[in-house]
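Since every read-out is calculated from the coordinates, none of them should be taken as a lab result. Remember, it's a predicted structure, so these values are computed and weren't measured experimentally. When we count neighbours, we look across all protein chains shown, and the Cβ atoms used for this are built from the backbone with ideal geometry, even at glycine.
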């Protein structure tokens, strides 16, 4: 046993590892992956990717989306409202034209009905894609893009559009609503910006 004067030196568990918030995807990465998925006719993955970017949903909410959550009849809605599992608070998001096209193609390709999950699991004992399966799929995307897998995770999808909107508008309150956060401080931490700077910007942009 080591004494106080001769303590065994242990490396910190996180030495050399990137911890904390995962990086958002850059626009060039978004379009590069979209083009790849389209060219390779990876219909399911393209719908999953586009919905993940547009919705800004947590992984557990994204994988459990049903067709009826984002469609009105046989048309994909331009906006959707879903209840978040973690907070039990509703959150609304826009579905852009490029995502609507991908979702509609996915529904037709898989023959999905309104009550079906958008991303049924291929594992028999699970009704829809699991968060671990989602994370593995995302890991494949990161590898295909030649990015560092240590820097990206499922939260990268949730952060991407929120970060782009914040950089363009500096409107923290709007981003807070889009992410479904109950506290502004949660949004500040999520975006990785300084609290004092964020609150000052928020006051300046509040309508």
Response to the item:
Note: residue 183 to residue 40 extended length (0.36 nm per residue) minus current alpha-carbon separation gives 47.3 nm
Worksheet item: How high is the FRET efficiency from residue 78 to residue 108, r the C-beta distance, R0 25 Å, rounded to 0.05?
Response: 0.85
Response to the item:
Residue span residue 135 to residue 32: 0.36 nm per residue of separation minus Cα-Cα distance leaves a gain in nm of 35.2 nm
Fill in: Three-way shape label, the range 27-169, alpha-carbon gyration tensor, a/c 1.5
rounded
Fill in: Residues 107, 165, 123 arranged by fewest to most Cβ contacts within 10 Å
123, 165, 107
Worksheet item: Stretched out fully, how many nm does the piece from residue 89 to residue 60 gain, at 0.36 nm a residue minus the Cα gap?
Response: 9.0 nm
Worksheet item: Can you give the relative contact order of the range 27-169 as a percent, counting alpha carbon pairs under 8 Å and 6+ residues apart?
Response: 29
